[in-house]
Each structure stands twice: as C-alpha cells, then as structure tokens.
Amino acid sequence: MKYRIAAALIGLSAVMTAPAHAQSSPTLAKIRERGHIICGTSPGVAGFSIQDASGRWNGFDIDICRALAVAIFNDQERAKFVPLTSKDRLIALQAGEIDVLPRTTTWTLSRNAGQGVAFTAVNYYDGQGFMVSKKLGVDSAAKLSGASICVAQGTTSELNMADYFRKLGQTYEPAAFGTSEEALKAYESGRCDAYTTDISALAAVKMKLQDPDSYIILPEVISKEPLGPWVRSGDDAWFNIVRWTVAALVNAEELGITKANVQEMAKSSNPEIKRFLGQEGKFGEGMGLSNDWVMRIVSTVGNYGESFERYLGAGSRLKLQRGPNALWTNGGLQYSPPFR
C-alpha cells in the first residue's frame, strides 16, 4: 500500500510541476499571421502614451504593448498604435480593431460584465481629482459647490463627480466634451471653473497649459481608479499572456532583475530566478511563447520600476510618487503572483 501511495504522490507531483500544453489563442494566431500587434492608446497623455518629434510612441502604457511585441516576436518595433478617445476605446476593442487596450481605462463592474471585454491586471493605481486656477481661490474640492466643471464623455470621471457632489449635498454644472483634449481646451479658455480626470492625467495635462504654475491640483482623491490593459472576452489564452506580461514586469522588480543585469541574473543558481527567466521549466511554451520570453521582455523594456521611473517618477517630467504603485514590500499594492 505504501508503495502505491508513494507512486501516486510522485505522479501528482509530476502533474503539478509540468507545464500545461500550450493553449490555442485565435488572437495570438491572428497577430502572428499579421506580423505585428495592434494596441489602442490615448491620443496623447504625457507619461503614459505620447509621440515624440519623430512620431514614435513612448510611455508607461506603451511599454506594456512593446513588452507583448517582444514576448511574441522578440521585436518591440512590431507594436503598432491606434489613438482612441475615451468613448471609442472599448468599442474598438469589441470590434476587433485592436488586439489589446493598454491605455488608461479603469476596471469597473459595468465594463467587465456584459460588454464582451475583460480586464487583465492593474498596472497603475490611480484616483480622480480636480484642477483649478489659483485665481479661483479654492483649496478644496468640497468648496466647488455651484462650479462648472469640464469633463470628458465616456469616462468614469462623469459618474464619480456626480456621486461626489451628491454625497456632499452640493450642486455643480457639468460640461461634458467628446474627448479629453476638448474638455481641457474648454477649461483653459475659461468655459469651466475646474477640470476633472485621474490625478496622473491631471499632472500630465497641467504641463500643457500656457502657465502651469498658475494652476493647482486639489488634494482630494474622490475615487479608486485601478488602470490596466483590457482584452476581448472569450480568448483565455490571450488573456493569460497579457496578464502575465504585466506580472512579469512587477516580478522582475521584486527579484531585483533589471535591464542592465538580466543577462547575468540568468546565470543565478536561485531556482525562483532560473524558473522566472526560462532557464528551468517550460512555462513559456505553456502559453504559446518561448521559454525565455520574460528574459527578452526585461532585456528590452526593463522591469516595472524602471518603466515607472522613466515615464512617471522622479526622473520624469511628471515626478509622480510611487504611492500605492510601490511594491508590496515597500508599502505599496504592486504584487506579482508566483511564477511556478
């Protein structure tokens, strides 16, 4: 009997440690046949997705798409970008016009249920705020009663704003515009007393104004805005590739693996690092990728912290604090599931 039990345990161990057969993904097959991945992006949000003078896209969200291109083709330039407004972004994803939507799009129940799209992973924890001119003499969002506020249509910002003032028992005048750019332009022209969107976006658009120092972002954070890439529902294999790509960037930072040291770290005797970088096991093959897919991603775009610092952190124009986007070991919320 004890031999049969031992044999059963060995068999169970083999099942638990062996990678599953590669799942078939129609989205991945289509991307490979096409020769590039198509990503939806914001028309231009500093730090997250913006084109440089040569027309090349750069930003925190852009890095997600480039990482996917590296995972699939080992070539970050095989990522193509389609600028989308807030009201059109999920429609474009549903219609198959893009393969993934990494642009700043909040994870909500109404979006996740019944719209044919699925949220994969949080790559940025944000919250909504308000920006006003210093001349307005307001130092708190609670003092905006009766104010006119510019906002973009098709965003969570509209409902959050309504909820906020309703809870305060205050009135306000919403001025909704088709795009964030139109809303910001209307605000700068004096159409509204305040402008509202996610705080990270406020920090980005503030730099676009003619006299940035004459505006302030009020201290209140009135909502939870977990942001990250979206995919169409019904393709679990593609969902997993996108989810684990985000996790790979975070896990690389947790393990101290950077763009500069990844080649050396691949020689580590640490079994966790060896497995993560594809030196042991066949977990990449289980997703339809090469086993060194993570190593190639980090070699190209770096880890989560490097991407954050490059586009959003103290070394960037935005100079945003990590805050909840710090690793869980540093008091933040960023946390990768185990790669095993």
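The values are calculated or read from the model by the stated rules, or taken from the named source; none is laboratory data. All values reported here derive from a predicted model rather than from experimental measurement. Neighbour counts are summed over all protein chains in view; Cβ atoms, including those assigned to glycine, are modelled from backbone coordinates with ideal geometry.
The table below gives the values:
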| item | result |
| --- | --- |
| Leading residue by the ranking (surrounded by the fewest Cβ atoms within 10 Å (Cβ to Cβ)) among those in the stretch 218-230 that are of a type outside the set (K, R) and closer than 30 Å to A67 by Cβ | V221 |
| Long-range neighbours under 6 Å by Cβ, at least six apart or interchain, first residue in contact (Cβ under 8 Å) with a residue 40 or more places away in the chain within the stretch 156-181, second surrounded by 13 or more Cβ atoms within 10 Å (Cβ to Cβ) and of a type in the set (S, T, Y) | T156/T106; S157/T196; S157/T197; N160/S223; M161/T196; T179/T85 |
| Neighbours by Cβ (under 8 Å, 6+ apart or cross-chain): first from the stretch 65-83, on the phi > 0 side of the Ramachandran plot; second surrounded by fewer than 17 Cβ atoms within 10 Å (Cβ to Cβ) and at pLDDT 95 or above | N74/S290 |
| So I62, is it β-branched (V, I, T) and touching a residue at least 60 places away in the same chain (Cβ under 8 Å) | no |
| R317 among the basic types (K, R) and either crowded, with 18+ Cβ neighbours inside 10 Å or modelled with pLDDT of 95 or more (or both) | no |
| Cβ-Cβ under 7 Å pairs, at least 6 apart or on other chains, the stretch 277-306 side more than 20 Å from R78 (Cα to Cα), far side polar (S, T, N, Q) and crowded, with 23+ Cβ neighbours inside 10 Å | Y304/Q334 |
| Breaking point among (1) part of a loop (DSSP other than H, G, I, E, B); (2) under 13 Å from L249 (Cβ atoms), for L289 | (2) |
| Checking Y195 against (1) touching a residue at least 60 places away in the same chain (Cβ under 8 Å); (2) surrounded by fewer than 20 Cβ atoms within 10 Å (Cβ to Cβ), the condition it does not meet | (2) |
| Members of the stretch 44-55 found to be surrounded by 11 or more Cβ atoms within 10 Å (Cβ to Cβ), more than 13 Å from the chain's Cα centre (by Cα) and not aliphatic (A, V, I, L, M), listed by number | G44, Q51 |
| Unique residue being at pLDDT 95 or above, assigned to a loop (DSSP other than H, G, I, E, B) and more than 19 Å from A141 (Cβ to Cβ) when the list is T245, T258 | T258 |
| Leading residue by the ranking (farthest from L202 (Cα to Cα)) among those in the stretch 28-47 that are of a type outside the set (S, T, Y) and modelled with pLDDT under 95 | P43 |
| Flag if V70 is at pLDDT 95 or above, surrounded by fewer than 20 Cβ atoms within 10 Å (Cβ to Cβ), under 29 Å from E306 (Cβ atoms) and of a type outside the set (D, E, K, R) | no |
| Every residue from the stretch 213-255 that is polar (S, T, N, Q) and more than 14 Å from the chain's Cα centre (by Cα) | S214, S223, S233, N240, N251 |
| Residue within the stretch 167-175 that is in contact with a Ser or Thr (Cβ under 6 Å, 6 or more places away or on another chain) and surrounded by 18 or more Cβ atoms within 10 Å (Cβ to Cβ) present | no |
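Each row is one residue, and each column tells you yes or no for (1) closer than 22 Å to H36 by Cα; (2) at pLDDT below 95.
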| position | (1), (2) |
| --- | --- |
| D75 | yes, no |
| F81 | yes, no |
| E97 | yes, no |
| T105 | no, yes |
| S110 | no, yes |
| Q115 | no, yes |
| D126 | no, no |
| L136 | no, no |
| S140 | no, no |
